[in-house]
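Quick notes on the structure that follows.
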Amino acid sequence: MNSLAPKPILYIFLLSLTLRLIFFVFIYDHPERAFEPDSFGYVRLAESLLDTQTFPSIFRTPGYPFFIATIYSIFGKFPQTVLLFQYFFDSLTALFVVFIFMKISGHARYSYMAGLIYAANPFAIFYSGMMLSETLFGFLLLIAVYFFILSLKSHKKKRYFIISAFFLALGTLCRPISLFLPLLIAPFTLLGKFPLREKLLHLLLFIMVFIISIAPWFLRNYQNYGRCTLSTVSDINIFYYEAPAIKLVNDTPLLIFHVGCNKSFEIVQKNFWDKIKIKYNWNDKSPFSISNDILKTDILRKEGLIVIKENVLSFLLVHSNGLARTLFPFYPHFEKIFGYDLKTIKITSSAIDVAITGLFLFGIFSLLWDKPEIASNKTSIVFMMIIIFYFSFLPGLAGYSRFKVPILPYISIFSALGFWRICELFRVRKKRISQIRR
């Protein structure tokens, strides 16, 4: 048991930042390489905030566009500057990984390893260089997790619960996917040797801070669009992702074992959309083109829910399959950053990810197998495993590598645990060999 030293922490931060800046060299003169389809929508909303002080969308939440707009207002409308801030925050994420591992283990050496694993993660490096919300969201969520774990180990529970709930709300305003996460983690506020009245106060405090923090956006949407909702993204997802995935699995059950089913999935999506267009006599190009139309998104939601309600078992199968597709997705397309296919980077990034995933699985296995010292922090471990499950279960059949980004910090923590256990096994083996020789 020891404490963290400033120098190693600084080195981890600088290493993380340097690795990301290496790829920035190839983006600096080609900012278009940092754009994916969703990026253009985020930037348009950010520019609307700056130019007209309006946010013409109920589909997107304000977190990431506001982040872009703030940077644009200070440094000008340069995507490269946004990426530099993302590199900075993602490098801070590596440090919070260190802090969390230290908090639950008390071992500085392996805490540093957790941070290094995150710093070198190819998914984290790639997506911190994309104009997407994943990096900012992952950072905000990790801060919320850090303070929640602090609250589990401290007598200053109220203060830490408030901070945790607030950052979780900020993360939800960045990406609505975390809207229902408090339902899974709020019960942890009831743990500990405290009077029931105090436990209930902690629970109420956590939930109320979260609700109060996101309530203004619900009210804004009700006032502007006549619907009290965080976003219509869930309506689009139910119709365009959930229902087609169920249809695909019903038609071809064995497809869940097929690694590259995205093309087949896209065909079913198009056919389902075309069917709805004919049914309601619509001429819209895609579901996303009507994302601000409340009446039409309500119809999409109802059509999607009909499919789900009629196929509950298929729904569960699709999302159970999503666990594997999120934890083991396709590798990031680094050729997009370089402008050409570089096999060395592809092989290196694949090897790093395989090593990290192997350590992650061994770390999880060791918790069940030999119950290492860190297993005494069962609450924190279960808490992080629930987060991994939540963000792995939700995506379903669509295996996009960006869906893995929010759980990378926790994968890094369990990977460091796996590395720790391997080192312990080698140490025990070496000791036994030494005793035999004597």
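Taking each residue of region 225-243 that is free of Cβ contacts under 8 Å to residues at least 12 places away in the same chain and looking for partners that are surrounded by fewer than 20 Cβ atoms within 10 Å (Cβ to Cβ) and among the aromatic types (Phe, Trp, Tyr) with beta-carbon atoms closer than 8 Å, six or more apart or interchain, yields CYS228/PHE218; CYS228/TYR222. Scan region 229-237 and give yes if some residue there is assigned to a helix (DSSP H, G or I), surrounded by 15 or more Cβ atoms within 10 Å (Cβ to Cβ) and of a type in the set (Asp, Glu), otherwise no. Checking region 229-237: at least one residue is assigned to a helix (DSSP H, G or I), surrounded by 15 or more Cβ atoms within 10 Å (Cβ to Cβ) and of a type in the set (Asp, Glu).
With respect to the conditions (1) touching a residue at least 12 places away in the same chain (Cβ under 8 Å); (2) surrounded by fewer than 16 Cβ atoms within 10 Å (Cβ to Cβ); (3) of a type outside the set (Lys, Arg), TYR410 lacks only one, and its number is (2). Within region 150-172, being of a type outside the set (Gly, Ala, Ser), touching a residue at least 60 places away in the same chain (Cβ under 8 Å) and either buried (at least 22 other Cβ atoms within 10 Å of the Cβ) or touching a strand residue (DSSP E or B) at 6+ places or on another chain (Cβ under 6 Å) (or both) holds for one residue alone: THR172.
Residue-wise test of (1) over 25 Å from LEU168 (Cβ atoms); (2) crowded, with 24+ Cβ neighbours inside 10 Å; (3) not charged (D, E, K, R).
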position: ILE71; (1), (2), (3): no, no, yes
position: PHE78; (1), (2), (3): yes, no, yes
position: PHE89; (1), (2), (3): no, no, yes
position: ARG109; (1), (2), (3): yes, no, no
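From PHE330, PHE393, PHE362, PHE383, which residue is among the aromatic types (Phe, Trp, Tyr), modelled with pLDDT of 90 or more and under 24 Å from ASN237 (Cβ atoms)? Give the steps one after another, and end with the answer.
Working: PHE330 fails: modelled with pLDDT of 90 or more; PHE362 fails: under 24 Å from ASN237 (Cβ atoms); PHE383 fails: under 24 Å from ASN237 (Cβ atoms).
Result of the check over PHE330, PHE393, PHE362, PHE383: PHE393.
Residue by residue, here is whether (1) more than 28 Å from PHE101 (Cβ to Cβ); (2) touching a residue at least 24 places away in the same chain (Cβ under 8 Å) holds:
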| residue | (1), (2) |
| --- | --- |
| SER3 | no, yes |
| PRO8 | no, yes |
| LEU19 | no, yes |
| ILE22 | no, no |
| PHE26 | yes, yes |
| HIS30 | yes, yes |
| SER39 | yes, yes |
| PHE55 | yes, no |
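Assessment of region 83-104 against the conditions (of a type in the set (Gly, Ala, Ser) and farther than 29 Å from THR348 by Cβ) yields no matching residue. The sole residue among PHE272, PHE265 that is in a helix (DSSP H, G or I) and touching a Lys or Arg at 6+ places or on another chain (Cβ under 7 Å) is PHE272.
Given the criterion more than 17 Å from MET130 (Cα to Cα) and either more than 23 Å from the chain's Cα centre (by Cα) or surrounded by fewer than 16 Cβ atoms within 10 Å (Cβ to Cβ) (or both), identify the matching residue among THR326, THR348.
On the way: THR326 fails: either more than 23 Å from the chain's Cα centre (by Cα) or surrounded by fewer than 16 Cβ atoms within 10 Å (Cβ to Cβ) (or both).
None of the others qualify; the one that does is THR348.
Determine if region 27-37 includes at least one residue that is surrounded by 12 or more Cβ atoms within 10 Å (Cβ to Cβ), touching a helix residue (DSSP H, G or I) at 6+ places or on another chain (Cβ under 6 Å), part of a loop (DSSP other than H, G, I, E, B) and hydrophobic (A, V, I, L, M, F, W, C). Within region 27-37, none of the residues are surrounded by 12 or more Cβ atoms within 10 Å (Cβ to Cβ), touching a helix residue (DSSP H, G or I) at 6+ places or on another chain (Cβ under 6 Å), part of a loop (DSSP other than H, G, I, E, B) and hydrophobic (A, V, I, L, M, F, W, C).
A single entry from LEU50, LEU17, LEU10 fulfils the requirement of being assigned to a helix (DSSP H, G or I), of a type outside the set (Ser, Thr, Tyr) and within 17 Å of ILE125 (Cα to Cα): LEU17. The residue of region 1-52 that is nearest to ILE71 (Cα to Cα), among those that are within 21 Å of the chain's Cα centre (by Cα) and hydrophobic (A, V, I, L, M, F, W, C), is VAL43.
Going through ALA186, ALA165 one at a time, which residue ends up being in contact with a helix residue (DSSP H, G or I) (Cβ under 6 Å, 6 or more places away or on another chain) and at pLDDT 95 or above?
On the way: ALA186 fails: at pLDDT 95 or above.
After ruling out the rest, the residue left standing is ALA165.
Does region 387-397 contain at least one residue that is surrounded by fewer than 18 Cβ atoms within 10 Å (Cβ to Cβ) and farther than 21 Å from ASN262 by Cβ? Yes, some residue in region 387-397 is surrounded by fewer than 18 Cβ atoms within 10 Å (Cβ to Cβ) and farther than 21 Å from ASN262 by Cβ.
Which residue is surrounded by the fewest Cβ atoms within 10 Å (Cβ to Cβ), if the candidates are limited to region 1-23 and must be under 16 Å from THR135 (Cα atoms) and of a type outside the set (A, V, I, L, M)? Here the answer is PHE13. Only a single item in (1) buried (at least 19 other Cβ atoms within 10 Å of the Cβ); (2) assigned to a helix (DSSP H, G or I); (3) in contact (Cβ under 8 Å) with a residue 40 or more places away in the chain is not met by LEU205, and it is number (1). Can you find a residue that is farther than 15 Å from GLY396 by Cα, among the hydrophobic types (A, V, I, L, M, F, W, C) and touching a residue at least 40 places away in the same chain (Cβ under 8 Å) anywhere in region 308-328? There is no residue in region 308-328 that is farther than 15 Å from GLY396 by Cα, among the hydrophobic types (A, V, I, L, M, F, W, C) and touching a residue at least 40 places away in the same chain (Cβ under 8 Å).
Here LYS279 meets the list (1) in a helix (DSSP H, G or I); (2) in contact with a Lys or Arg (Cβ under 9 Å, 6 or more places away or on another chain) almost entirely, failing just condition (2).
The values are calculated or read from the model by the stated rules, or taken from the named source; none is laboratory data. Note that the coordinates shown come from a computational prediction; the quantities given were computed from them, not determined experimentally. Ideal geometry is used to build each Cβ from the backbone, glycine not excepted, and the neighbour counts take in all protein chains shown.
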